[in-house]
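The values are calculated or read from the model by the stated rules, or taken from the named source; none is laboratory data. All of these numbers come straight from a predicted model, not from anything done at the bench. Cβ: placed from backbone, ideal geometry, glycine included. Neighbour counts: every protein chain shown.
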Amino acid sequence: MRVSRVALAGGLSLALLIVVGCIPGQFAGFLPTSAAELGDITLPPGFRIELYAADVPNARQMAAGPAGVVFVGSRSEGKVYAVVDRDGAQRQVHVLASGLNMPSGVAFRDGSLYVAAVNRVLRFRDVARDLTKPPKPEIVTDAYPSDGHHGWKFIAFGPDAKLYVPVGAPCNVCLPPGPLHATITRLDLAGGRPEIVARGVRNSVGFDFHPTTGQLWFTDNGRDMLGDDQPPDELNHVTRVGEHFGFPHCHGAAIRDPDQNAGKPCSEFTSPARELGPHVAAIGMRFYAGRMFPEKYQGGIFIAEHGSWNRSTPIGYRVTFVNVENGRATSYEAFASGWLKGGVASGRPADVLVMPDGALLISDDKAGRIYRVTYSGLPGSAR
């Protein structure tokens with residue numbers, strides 16, 4: 001019996017729908033859907049969201065460049081972008097590089113753009129001189145592991161002028177196979193090998209430095225396959241170089257790993273500053289150092305929750321806010337939500353960036369968009 005291609009395709013589509021209907025949590029972030037309508041996004045009173053740029057495929061980490069320029073990395077797309085907003089004209093998106101190996105992380109300093117591409121950090125000198133004819137990159141270092149699993153990176157310069165580069169564990173849970181795995185490092189651009197700043201970090205894809213103390217805070221994604229509700233993702237605070245945050249022996253504040261604990265008490269490691277939702281995939285994060293938002297948000301942390309990939313009921317797919325007082329994370333609440341409806345996601349927040357005017361940008365790597373959140377101070381809004 002001959003089966004037409006149309007009939008076969010229809011049968012496969014029906015089968016996929018049936019499977020998706022049975023296990024929506026595993027497909028919420030991956031099924032093709034239309035991008036979220038701006039009216040679907042819920043914000044606190046007085047805030048407004050608008051589309052900043054619409055054609056930035058797989059937009060991940062963002063970095064502020066010269067006035068009017070935002071640099072954006074990607075993961076699966078292999079591209080690095082520059083989004084230009086000048087003189088009230090329509091924003092333009094330039095492709096600065098393509099064909100790179102998961103160039104998720106970007107950082108800008110002294111006229112140069114730095115891009116993390118798994119085992120390499122690249123530098124594009126004088127990058128903004130002509131965005132239509134970007135310079136060829138040079139290799140700053142290729143000293144990092146080449147593992148694809150958790151190999152994409154978030155990078156940023158610290159108050160010490162060093163470039164901070166995390167290295168994920170190349171597994172769900174395992175003993176780190178190399179000295180740099182499951183760490184956050186920093187790199188002196190004048191030369192030298194990566195220096196380890198934090199250990200026991202499963203996969204950090206977001207961090208920032210406290211605007212007053214300069215101390216490093218970072219998000220970390222918890223391991224999978226311990227059930228829907230554990231372990232939590234984490235917000236961590238580094239108070240001394242070389243601190244160990246538990247992976248793979250312990251997760252959250254006190255969850256011993258069933259396979260890799262090795263008899264170690266969780267009290268031996270630094271506990272999270274705040275336990276976040278389980279499997280929310282908390283990645284890009286920034287302290288709010290702007291002046292546009294109400295006092296409540298001054299000095300707090302915004303976190304992009306990329307969303308769970310295998311939880312039976314999906315969660316995340318939002319931007320959350322953590323209040324920080326005297327070095328303590330005192331609250332954890334939703335700030336922007338609405339990308340997840342009925343178990344299907346129309347977007348996946350990947351990073352947040354505070355702009356010079358105090359507005360907050362949110363990248364969405366699923367829809368290939370960047371959003372801009374502002375505060376209007378409408379009557380009745382909380383200050």
(request) Taking Pro314 as meeting all but one of (1) under 22 Å from Gln61 (Cβ atoms); (2) buried (at least 22 other Cβ atoms within 10 Å of the Cβ); (3) in contact (Cβ under 8 Å) with a residue 60 or more places away in the chain, write down the number of the exception. (result) (1)
(message) Cβ contacts < 7 Å: first residue more than 16 Å from Leu276 (Cα to Cα), restricted to region 330-351; second residue modelled with pLDDT under 95 and of a type in the set (Asp, Glu), any location; separation 6+ or different chain. Result?
(response) Gly338/Asp40
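Could you list, in sequence order, all residues of region 148-185 that are of a type in the set (Gly, Ala, Ser) and under 18 Å from Gly214 (Cα atoms)?
Ala156, Gly158, Ala161
Take the residues in region 296-322 that are aromatic (Phe, Trp, Tyr) and outside any strand (DSSP E or B), then tell me which one is modelled with the lowest pLDDT.
Of the residues in region 296-322, the ones aromatic (Phe, Trp, Tyr) are 297, 302, 309, 317, 321.
Remaining after also requiring outside any strand (DSSP E or B): 297, 309, 317.
Details: Tyr297: 98, Trp309: 94, Tyr317: 98.
The qualifying residue modelled with the lowest pLDDT is Trp309.
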(message) Among (1) hydrophobic (A, V, I, L, M, F, W, C); (2) part of a loop (DSSP other than H, G, I, E, B); (3) more than 23 Å from Asp85 (Cα to Cα), there is one condition Phe293 misses while meeting the rest; what is its number?
(response) (3)
(request) Identify all residues within region 242-300 that are touching a His at 6+ places or on another chain (Cβ under 8 Å), under 30 Å from Gly29 (Cα atoms) and among the β-branched types (Val, Ile, Thr); write none if there are none. (result) Val280, Ile283
(message) Cβ-Cβ distance below 6 Å, separation of 6 or more or different chains: which pairs start in region 146-174 with a residue that is of a type in the set (Gly, Ala, Ser) and end on one that is surrounded by fewer than 16 Cβ atoms within 10 Å (Cβ to Cβ)?
(response) none
(request) Could you check how many residues of region 24-56 are surrounded by 18 or more Cβ atoms within 10 Å (Cβ to Cβ), at pLDDT 95 or above and within 20 Å of the chain's Cα centre (by Cα)? (result) 5
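Matching residues to (1) part of a strand (DSSP E or B); (2) surrounded by fewer than 22 Cβ atoms within 10 Å (Cβ to Cβ):
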{"site": "Arg60", "(1), (2)": "yes, no"}
{"site": "Pro66", "(1), (2)": "no, yes"}
{"site": "Met102", "(1), (2)": "no, yes"}
{"site": "Ala116", "(1), (2)": "yes, no"}
{"site": "Ile139", "(1), (2)": "yes, yes"}
(request) Determine whether region 222-231 contains at least one residue that is crowded, with 24+ Cβ neighbours inside 10 Å, in contact with a Ser or Thr (Cβ under 9 Å, 6 or more places away or on another chain) and of a type outside the set (Lys, Arg). (result) no
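Pick from Thr219, Thr212: which is at pLDDT 95 or above, among the β-branched types (Val, Ile, Thr), closer than 25 Å to Val373 by Cα and part of a strand (DSSP E or B)?
Thr219
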(message) What's the number of the only condition in (1) assigned to a strand (DSSP E or B); (2) out of contact with any Lys or Arg (no Cβ under 6 Å at 6 or more places or on another chain) that Ala350 fails to meet?
(response) (2)
(message) With the requirement that a residue be in contact with a His (Cβ under 8 Å, 6 or more places away or on another chain) and either small (Gly, Ala, Ser) or surrounded by fewer than 20 Cβ atoms within 10 Å (Cβ to Cβ) (or both), what does region 335-372 give you?
(response) Ala350
